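Take a look at the structure below.
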Amino acid sequence: MATNKPKMEGEVFYPSDEIIAQANLKDWDVTAKAALKDPQAFWATEAENLEWFEKWDQVLDDSKPPFYKWFVGGKVNITHNAVDRHLKTFRKNKLALIWESEDGKTDRTFSYYALNREVSRMANIIKAMGIGKGDRVTIYMGRIPEIVFAMLACAKIGAIHSVVFGGFSVDALAGRIADSESKLVITCDGSYQNGKLVELKKIVDESLKHCPSVENVIVVKRTGQEIFMEPGRDHWFHDLCALPIANGKCATEVMDAEDPLFILYTSGSTGKPKAILHTHGGYMVGTYATLKYVFDLKDEDRFWCTADPGWITGHSYLVYGPLINGATAFMFEGGPAYPYPNRWWQLIERYGISIFYTAPTAIRALMRFGEAWPNKHDLSSLRLLGTVGEPINPEAWKWFYRVIGKEKCPIMDTWWQTETGGFMITPTPVVPLKPGSGTRPFFGQDAEIVDEQGKPVADGEEGYLVLKNPWPSMLRTIFGDDERYVSQYWSKYPGKYMTGDSARRDKDGYYWIIGRVDDVIKVSGHRLGTAEIESALITHPAVAESAAIGLAHEVKGQAITCYVQLKPGFAPSEELSEELRQHVSKHLGPIARPEEVKFIDKLPKTRSGKIMRRVLKARAQGLPEGDLSTLEE
Ligand code: WT7
C-alpha cells in the first residue's frame, strides 16, 4: 500500500506502491492543476508528440462557440499517426493487431508493416470505386480485422466512415445509409453470434431498396454461405484484391486538422439518431492522450477492449487510440460466454492480455456463472482493468477487482460519450478509487453539476452534469444539422456542454453518475432511443401508438418495456405481445428487442400531445407519478 494516503470519505481503494512505481505519470495532482490552468498548453504538448505534415497556427479557435476548432491550420492524417509513422521505428515489426475467431479455430496477427499493406490495399480499392475526400462510406460488418482496415482505409484517403453496428437491422441500417448519403457500403456475407449465423448481406440488400445513393457494395467473405450478389453493384473483396490496383502501397491524403474523419449515429432525446461528427486532428490527439494516461500504455502491453467497432468505444479504444499509441491491440470476434463462460478468461491467458477494458453488463453476466470459470485460468498477465458504458454497481466492481484483478489491478471506470470522443471523467492508475465513481475530470476538463436553472448545486446533491471546457475530441456538429447541434447540447446552459446525464459530486470532488435524464435507454451499455423503438413498433399493422421506457434490469442495467395502444379490431394477447417483440428485433435489431410489450388503453399525454414516459415509468416502478398538471384529461 502507498504510504501517502489522503483521507477520503467512503470506501477507498488506494493504488499499491507497485502500481505507482510503474506508472508513466505519478503525480496526478500536479498535471491536473497545470492542465486546468491552461488546457490549451496541455493539449498542444500532447499534439506535439504526434506527427503533423504542417504544424497548426492556433491551438483553439473559440471565436464562434459552440463551433470550436482545434489545431487550426494544422495538416495531418489520423491513419498516418495510427499506422504510417510506426513503420519508421522498431514498431514496424511489432504486432499491431491480434484477432481470434469466435470458434477459436483461427487466429490472425498483423504487424504494423502488415497492417499498412492491408489498409493500403483496401484504400486503393475504395479509391478505384470513385470514393474520395469527403465522401461517406457505410461500414456494416462483424468483428473481423477487415472492419479495422476499412475504417483506417477511409481515413487514409479522406473519406468519412460511418460504421453501423452489426447488431442493428434493416430500419436502423437503411436510415443511417440514407441520412449519410453513402455511395459505398462495405459489409460481409455474414457474421457469427454465439455460433449462429447473422445474415448481414441480406440485411444490406433489404436496406438498399431504400437507399438510392449507394453505387457499390464490397463484400468480405467470412461465413461462406450462399448470398445474393447484384451484378454491377456488389463485388467480392477477394476478387477486387486480385486486381493490379489492389497493391499494398497507397499515399496518405493530407487533411486539414478540422476535416471530418467519421460520423457515428447515436440516439438522442427525440427524433431520429444523430450523426455525431468527429475530425482528424482533435479526435486523434484526444484518443491518443486519454488512452496513454488512463491505461498507462507501455510498449510491452497487450490491450483488449471488448467493445464492437460499431460503437464509439470500439472507434476510440479498439481501433484508433491503441494504434496511435503504437500498442498491440487484441480483437475477439465473439462474446463473453460462448461456448462457455470462460471464453474471455481463456483469451486473457492465451494472449497474455495486460489491460482489459469492458462493460459493467458483461461483468454482471459473467459474475453469475461463478468464480470457478475465471479461476481455471492464469490471469496473472493483467495489470489494469477498465469499465465503460453505464454506472457500475459496487458489487460488480468488487468482483471484477477481486476475482479477475486479484486485488492488484486498479479499475479505470471511464465516463464519456459518443459525443466526447474520449474519456472525460476517469481515474488514472495512481488515483485512489471508489467503487462506482469515475473519480474526477480528465486533464484540462472541468465538470459541474447544476440545477434546472444552471446554478451549481451543493456537493452531495443530484443535478445535471455539464462540461465547462472545450476539448480536442469533442463532436464538431451533427452532420448536416448545425442547428440541432446547438439546440441539443449548448442551449439549455449557454456556454456549457450538456451531457444528458445526472450526477452528484462528493466531498472529495469525486463524480458519481446516476443516469440519463433524457429519453435514452442504456440496454447492456448500448445506447438506444425511445423514438427509434417506437418507430419500429408503429410499422406493425396492429399498433396505433406506443411508448418505450427503460426499467432497471439486474444484468442489462436497463431493459426496454413498451406500452402499446392497439388499432381498432386488434385485441391484446400473449401471442401479439411476442409478435411485437419479434417485430422490433427484426426491424431495428436484436439488441433493441423489448423485454416486455404491454397493452394500454390510452397512453398518458400532455395536452399538447407529448407522451409522458416519466409517468409510465413511475407507474411501472410503483413510484409517485409526480407533477401531473400538464396531463391531458
Ligand atoms: C452514456 C453515453 C462512451 C462509451 C460508451 C457509451 C453512460 C458511459 C459511463 C460510466 C456511468 C456511463 C452515460 C453517458 N456512461 N460511461 N463509466 N459510468 N455512465 O457511449 O453510447 O454515447 O453513451 O453512457 O449515461 O451519457 P454512448
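The values are calculated or read from the model by the stated rules, or taken from the named source; none is laboratory data. Because the structure is predicted, anything quoted here is derived from the model rather than measured. FYI the Cβ positions are ideal-geometry reconstructions off the backbone, even for glycines, and counts take in every protein chain you see.
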Qualifying strands (runs of 3 or more DSSP E) (wholly inside the stretch 57-102; at least 1 residues being under 17 Å from GLY158 (Cβ atoms) and at pLDDT 95 or above): 69-72
Failed condition for ALA96, given (1) surrounded by fewer than 20 Cβ atoms within 10 Å (Cβ to Cβ); (2) in contact with a helix residue (DSSP H, G or I) (Cβ under 6 Å, 6 or more places away or on another chain): (1)
Those residues of the stretch 279-296 which are more than 12 Å from the ligand (Cβ to nearest atom) and either part of a strand (DSSP E or B) or of a type in the set (A, V, I, L, M) (or both), in sequence order: THR279, MET284, VAL285, ALA289, LEU291
Matching residues, the stretch 457-511, being buried (at least 21 other Cβ atoms within 10 Å of the Cβ) and among the hydrophobic types (A, V, I, L, M, F, W, C): LEU465, VAL466, LEU467, TRP471, MET474, LEU475, ILE478, PHE479, ALA503
Selected residue [touching a Phe, Trp or Tyr at 6+ places or on another chain (Cβ under 6 Å) and of a type in the set (A, V, I, L, M, F, W, C)] from ILE600, ILE591: ILE600
Residue within the stretch 328-346 that is within 28 Å of ASP107 (Cβ to Cβ), within 17 Å of the chain's Cα centre (by Cα), crowded, with 24+ Cβ neighbours inside 10 Å and within 16 Å of the ligand (Cβ to nearest atom) present: no
Tabulated pairs, the stretch 264-276, first in contact (Cβ under 8 Å) with a residue 12 or more places away in the chain and assigned to a loop (DSSP other than H, G, I, E, B), second buried (at least 21 other Cβ atoms within 10 Å of the Cβ) and of a type in the set (Ser, Thr, Tyr), C-beta under 8 angstrom, 6+ apart or interchain: PRO273/TYR265; PRO273/SER267
Neighbours by Cβ (under 7 Å, 6+ apart or cross-chain): first from the stretch 622-633, surrounded by 10 or more Cβ atoms within 10 Å (Cβ to Cβ) and among the acidic types (Asp, Glu); second modelled with pLDDT of 80 or more and not in a loop (DSSP other than H, G, I, E, B): GLU625/VAL615; GLU625/ALA618; GLU625/ARG619; GLU632/LYS605; GLU632/THR606
Hits in the stretch 571-585 - residues which are buried (at least 16 other Cβ atoms within 10 Å of the Cβ) and not polar (S, T, N, Q): LEU576, LEU580, ARG581, HIS583, VAL584
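Kindly indicate whether GLY248 is away from the ligand (no atom under 16 Å from the Cβ) and closer than 30 Å to VAL285 by Cα.
Working: away from the ligand (no atom under 16 Å from the Cβ): yes; closer than 30 Å to VAL285 by Cα: yes.
Yes, satisfied.
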Of all residues making up the stretch 275-293, the number that are more than 14 Å from the chain's Cα centre (by Cα) and either at pLDDT below 95 or more than 17 Å from THR45 (Cβ to Cβ) (or both): 2
Unique residue being among the hydrophobic types (A, V, I, L, M, F, W, C), in a loop (DSSP other than H, G, I, E, B) and touching a strand residue (DSSP E or B) at 6+ places or on another chain (Cβ under 8 Å) when the list is LEU603, LEU623, LEU616, LEU628: LEU603
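Tell me the residue from PRO594, PRO604, PRO590, PRO568 that is closer than 26 Å to HIS553 by Cα and free of Cβ contacts under 8 Å to residues at least 60 places away in the same chain, please.
Only one candidate qualifies: PRO604.
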